[in-house]
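S.K.: I have a structure here, written as structure tokens, and I will follow up with some questions on it.
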Amino acid sequence: MKVRVYPCHRLEGRLTAQPSKNYTTRYLLAAALSEGESIVRRPARSDDTAALISCLCALGAEIKETGDGFIIRGFGCHPKNPGTLNPGNAGTVLRLLLGTASLLPEVRFITDYPDSLGRRPNQDLLDALSYLGVRSKSEEGRLPITLQGGRLHGGEVFVSGEKSSQYLSSILFLAPLIGEAVEIHVTGGLKSGAAVLTTLDVMREAGISVEASPDMVHFKVRGGQEYRPGTYVVNGDWPGSAAILAAAAVCPESNAIVEGLSEDRQGERAIVQVLSNMGADILFENGQVQVRGGRPIRGIEFDGDRATDAVLAMVGAACFARGRSRFYNVENLRIKECDRISESLKELSRLGVTGFEKRDEIIIDGNPDGYEGGCDVNGHSDHRVIMLLTIWGLRTQKGITIYGAEHIGKSYPDFFKHLEMLGAHFDFLE
């Protein structure tokens, strides 16, 4: 699908933030790992959610849709063996289920997206699972992957946190079901640590006790625990909302409000402070964020590891800032649906943006006067890149056309609809 993005001077009105993808994924998994009936209310509806539900049902969970969510009857520590699992293009789903599926004697993971999820690394997680008695077969940790588990044991586990926190979350979700105590050591530092805090929040709600060191590199999970069925309500999604807020900040006559956001563990809520530090007129109180456009914004330096999934939204705003912006500690953006550093800068360069990349940095020299636009760009099958290009296109003189825009459905199917509710205009073309 192609989306024609028209210039927009004003985003005005209010909308409710979409539900959090990360909390939805973790609540669904916790519910499936319990024995009994759970309810997940206000879940995110996305391609990732659909992929996870498909896999959980294949593993033996019973999931029924209700008016405001899902009713889940879990399989506990006794999943059914489907033989093969296909997580689509969902990296989080793959990594979390590599842990869960280790309870089975043998299972194979495949994907229909060999050039996206099929290229993403998993060897660090497979190495960590080997400490628990899991054997694996793959080409350097990439799909397809065959796991041989079923006879797990506790003990010490060493897991690298250099590339992704999802490896640690996968081990954490699995550990209580082994029956023996597990002690986890994170090596090489921890990327996207805020996502691990989300994991711990969900596990705690499901009745699981985890001892975590203050620096998040040492964890103890005692054996003999069980996930408790319960009712979960999903928080609003900060990563998707970050793109809406950044767009409102750069459109000069905006007055937009996003409701349903809380001060939870999502690192991407840093978007409020970042836009404020850039000079935007932004206020967060009582669960809602209000942004007024029209103020000139300036460049900023930001540690992107604090808010991985909001970095490209921040880059979108930085394109229109006075001076240079530098987003550092973002190397893990290279192993997402695409290389979000190189591919984003390639498209922005074609559009007239002056930007540079280093191994773990994105540097943007902004232009407060804006850009002409009128170009076709490639979304690179990546929902965050599509959001970045949309923010940019709204502030141009002639708009842009984004190819492959259907991939927005991976995390935020209503992204364009929500912007239309605020006054943006798009054409959707096959």
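S.K.: Exactly one condition in (1) at pLDDT 95 or above; (2) closer than 30 Å to Thr66 by Cα; (3) within 17 Å of the chain's Cα centre (by Cα) is false for Asp264; which is it?
M.R.: The single condition Asp264 does not satisfy is (1).
S.K.: Next up: Taking the condition surrounded by fewer than 21 Cβ atoms within 10 Å (Cβ to Cβ) and over 22 Å from Glu406 (Cβ atoms), does Asp68 pass?
M.R.: On the way: surrounded by fewer than 21 Cβ atoms within 10 Å (Cβ to Cβ): yes; over 22 Å from Glu406 (Cβ atoms): yes.
It is true that Asp68 is surrounded by fewer than 21 Cβ atoms within 10 Å (Cβ to Cβ) and over 22 Å from Glu406 (Cβ atoms).
Residues are listed down the side, and each one gets a yes or a no for (1) surrounded by 17 or more Cβ atoms within 10 Å (Cβ to Cβ); (2) touching a Leu at 6+ places or on another chain (Cβ under 9 Å); (3) in a helix (DSSP H, G or I); (4) hydroxyl-bearing (Ser, Thr, Tyr):
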| position | (1), (2), (3), (4) |
| --- | --- |
| Asn367 | no, no, no, no |
| Tyr371 | yes, yes, no, yes |
| Met387 | yes, yes, yes, no |
| Ile402 | yes, yes, no, no |
| Lys417 | no, no, yes, no |
| Glu420 | no, no, yes, no |
| Asp427 | no, no, no, no |
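S.K.: Further question on the same structure: Among residues belonging to segment 252-274 that are in contact with a helix residue (DSSP H, G or I) (Cβ under 6 Å, 6 or more places away or on another chain) and either under 15 Å from Ile297 (Cβ atoms) or outside the structural domain of Ser411 (by TED's automatic domain parsing) (or both), point out the one that is surrounded by the fewest Cβ atoms within 10 Å (Cβ to Cβ).
M.R.: It comes out as Ser254.
S.K.: If a residue has to be in contact (Cβ under 8 Å) with a residue 24 or more places away in the chain, surrounded by fewer than 16 Cβ atoms within 10 Å (Cβ to Cβ) and assigned to a helix (DSSP H, G or I) to count, how many in segment 336-361 make the cut?
M.R.: Going through segment 336-361 one residue at a time, the tally reaches 1.
Yes/no per residue for (1) part of a helix (DSSP H, G or I); (2) at pLDDT 95 or above:
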residue: Met216; (1), (2): no, no
residue: Phe219; (1), (2): no, yes
residue: Gly223; (1), (2): no, no
residue: Pro229; (1), (2): no, yes
residue: Ser241; (1), (2): yes, yes
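S.K.: How many residues are more than 17 Å from the chain's Cα centre (by Cα) and either surrounded by fewer than 24 Cβ atoms within 10 Å (Cβ to Cβ) or of a type outside the set (A, V, I, L, M) (or both) if we restrict to segment 307-320?
M.R.: 3
S.K.: Right, here's the next one. Looking at this structure, is Gly99 assigned by TED's automatic domain parsing to the domain that holds Ala195, under 24 Å from Leu152 (Cα atoms) and surrounded by fewer than 21 Cβ atoms within 10 Å (Cβ to Cβ)? Break it down into steps so the answer makes sense when it comes.
M.R.: Values: assigned by TED's automatic domain parsing to the domain that holds Ala195: yes; under 24 Å from Leu152 (Cα atoms): yes; surrounded by fewer than 21 Cβ atoms within 10 Å (Cβ to Cβ): no.
When the stated conditions are applied, Gly99 does not pass them.
S.K.: From the set of residues in segment 61-88 that are polar (S, T, N, Q) and modelled with pLDDT of 95 or more, which is farthest from the chain's Cα centre (by Cα)?
M.R.: Restricting attention to segment 61-88, the residues satisfying the condition of being polar (S, T, N, Q) are 66, 81, 84, 86.
Applying the additional criterion that residues be modelled with pLDDT of 95 or more yields 81, 84, 86.
Numbers: Asn81: 28, Thr84: 24, Asn86: 19 Å.
If we take residues in segment 61-88 being polar (S, T, N, Q) and modelled with pLDDT of 95 or more, then Asn81 is farthest from the chain's Cα centre (by Cα).
S.K.: Same structure again: Considering (1) touching a residue at least 60 places away in the same chain (Cβ under 8 Å); (2) not in a loop (DSSP other than H, G, I, E, B), say which one Ile408 fails and leave the rest.
M.R.: The one condition Ile408 does not meet is (1).
S.K.: In addition: Can you tell which of Gly393, Gly323, Gly299, Gly304 is crowded, with 22+ Cβ neighbours inside 10 Å, farther than 26 Å from Met1 by Cβ and modelled with pLDDT of 95 or more? Explain how you work it out, then say what you get.
M.R.: Details: Gly393 fails: farther than 26 Å from Met1 by Cβ; Gly323 fails: crowded, with 22+ Cβ neighbours inside 10 Å; Gly299 fails: crowded, with 22+ Cβ neighbours inside 10 Å.
Unique residue meeting the criteria: Gly304.
S.K.: Separate question: Looking at segment 151-183, which of its residues are under 30 Å from Glu337 (Cβ atoms) and touching a Pro at 6+ places or on another chain (Cβ under 9 Å)?
M.R.: Lys163, Ser164
S.K.: Moving on to the next point. Just a yes or no: is a residue in segment 167-179 polar (S, T, N, Q), at negative phi, at pLDDT 95 or above and within 23 Å of the chain's Cα centre (by Cα)? Give the steps one after another, and end with the answer.
M.R.: The first filter runs over segment 167-179 and keeps only residues polar (S, T, N, Q), leaving 169-170.
Those left that are additionally at negative phi: 169-170.
With at pLDDT 95 or above added as a condition, the list becomes 169-170.
Applying the additional criterion that residues be within 23 Å of the chain's Cα centre (by Cα) yields 169-170.
Looking for residues that are polar (S, T, N, Q), at negative phi, at pLDDT 95 or above and within 23 Å of the chain's Cα centre (by Cα), one finds at least one in segment 167-179, hence yes.
S.K.: Is one or more of the residues making up segment 212-229 of a type in the set (A, V, I, L, M, F, W, C) and within 16 Å of the chain's Cα centre (by Cα)?
M.R.: Just the residues of segment 212-229 that are of a type in the set (A, V, I, L, M, F, W, C), to begin with: 212, 216-217, 219, 221.
Now narrow it down to the ones that are within 16 Å of the chain's Cα centre (by Cα): none.
Looking through segment 212-229, none of the residues is of a type in the set (A, V, I, L, M, F, W, C) and within 16 Å of the chain's Cα centre (by Cα).
S.K.: For segment 349-358, what are the residues that are hydrophobic (A, V, I, L, M, F, W, C) and touching a helix residue (DSSP H, G or I) at 6+ places or on another chain (Cβ under 7 Å)?
M.R.: At the first step, the residues of segment 349-358 found to be hydrophobic (A, V, I, L, M, F, W, C) are 351, 353, 356.
Correct list: Leu351 only.
The values are calculated or read from the model by the stated rules, or taken from the named source; none is laboratory data. Every value quoted in this text rests on a predicted model; they were computed, and no experiment measured them. Every residue, glycine among them, receives a Cβ derived from its backbone with ideal geometry; neighbour counts consider all protein chains shown.
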